[in-house]
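**Q** Once you've had a glance at the structure underneath, I'll fire off some questions.
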Amino acid sequence: MRALARTLLALPLALLILVGLGAPAQAAQWTAEQLTVPVDADGNLVTFSEQEIRTGRKLFNNSCGECHAGGITKTNHNVGLDPETLALATPARDNVAALVDYMKDPTSYDGEYSIADVHPSIRSSDIFVKMRDLDDGDLRDMAGYILVAPKVQGIQWGGGKIYF
């Protein structure tokens, strides 16, 4: 009798586990607020789709992630990709258009001179081959990812190793 009771109790549990394992995993949905970022210096906004951000993350990790994993800058820990640092650059790099411009032709943090010879960019794609196949849409998606990431990851984006 006890064996039958155990079997009857265990059978529904086993079915729940099997059904749960067979269902696809559901990813967290991002809100429209998280996906909305400044598109230009005038304060106009754009809302990216989740697919655009996923594409931007993949492109970013492939093209920029070697030096900027997690929004840090491995070659200069004082200059990260967090919103405050981007806003304080000259010119400010806290919007999609400014980041796309930077990825095309990067300048020093104070905007005084070009750093295209030492920083991957479209301008220096003859040296930095990962930039060769990127078009304006790719750059836009990467910029969107850079601006959305701190909204999703919080202070960990650009915060460096103290958060990992």
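**Q** Could you run through the range 41-69 and say how many residues are over 24 Å from Ser124 (Cα atoms) and in contact (Cβ under 8 Å) with a residue 24 or more places away in the chain?
**A** Number satisfying all stated conditions: 5.
**Q** Turning to a different aspect of this structure: Restricting to the range 83-108, give me the number of residues that are surrounded by fewer than 16 Cβ atoms within 10 Å (Cβ to Cβ) and in contact with a strand residue (DSSP E or B) (Cβ under 7 Å, 6 or more places away or on another chain).
**A** Looking only at that region, the number is 1.
**Q** Mind checking which residues of the range 46-62 are out of contact with any strand residue (DSSP E or B) (no Cβ under 9 Å at 6 or more places or on another chain) and surrounded by 20 or more Cβ atoms within 10 Å (Cβ to Cβ)? Outline the logic, then answer.
**A** Step one: of the range 46-62, the residues out of contact with any strand residue (DSSP E or B) (no Cβ under 9 Å at 6 or more places or on another chain) are 49-62.
Residues satisfying the conditions are Ile53, Gly56, Leu59, Phe60.
**Q** Grab the helices (runs of 4 or more DSSP H) fully contained in the range 63-164, keeping just those with 2 or more residues being closer than 21 Å to Asp42 by Cα, under 14 Å from the mean Cα position of the chain (by Cα) and of a type in the set (A, V, I, L, M).
**A** 96-104, 136-153
**Q** So, one more: Tell me yes or no: at least one residue of the range 39-54 is at pLDDT below 85 and within 20 Å of Asp141 (Cα to Cα).
**A** Taking the range 39-54 and keeping what is at pLDDT below 85, we get none.
Within the range 39-54 (the criterion being at pLDDT below 85 and within 20 Å of Asp141 (Cα to Cα)), the answer is no, since none of the residues qualifies.
**Q** Then there's this: Restricting attention to the range 110-135, which residues are acidic (Asp, Glu) and under 22 Å from Ala87 (Cα atoms)?
**A** Asp110, Glu112
**Q** I'm checking my understanding of the structure. Among residues of the range 144-164 that are of a type in the set (A, V, I, L, M, F, W, C) and surrounded by fewer than 20 Cβ atoms within 10 Å (Cβ to Cβ), which one is modelled with the highest pLDDT?
**A** Narrowing the range 144-164 to residues of a type in the set (A, V, I, L, M, F, W, C): 146-149, 152, 155, 157, 162, 164.
If we keep only those that are surrounded by fewer than 20 Cβ atoms within 10 Å (Cβ to Cβ) too, we end up with 152, 155, 162, 164.
Numbers: Val152: 94, Ile155: 88, Ile162: 60, Phe164: 51.
Across the range 144-164, the extreme among qualifying residues is Val152.
**Q** Among the residues of the range 71-81, is any surrounded by fewer than 18 Cβ atoms within 10 Å (Cβ to Cβ), under 22 Å from Asp136 (Cα atoms) and not charged (D, E, K, R)?
**A** No: zero hits.
**Q** Then there is this: Does Ala97 satisfy the condition of being of a type in the set (Gly, Ala, Ser), touching a Ser or Thr at 6+ places or on another chain (Cβ under 9 Å) and under 22 Å from Val39 (Cβ atoms)?
**A** no
**Q** Against the condition without any contact (Cβ under 8 Å) to a residue 24 or more places away in the chain and of a type outside the set (D, E, K, R), how does Ser121 come out, does it pass?
**A** yes
The values are calculated or read from the model by the stated rules, or taken from the named source; none is laboratory data. Predicted model only: the values in this text are computed from it and were never measured. In this analysis, Cβ positions are derived from the backbone assuming ideal geometry, glycine residues included, and neighbour counts consider all displayed protein chains.
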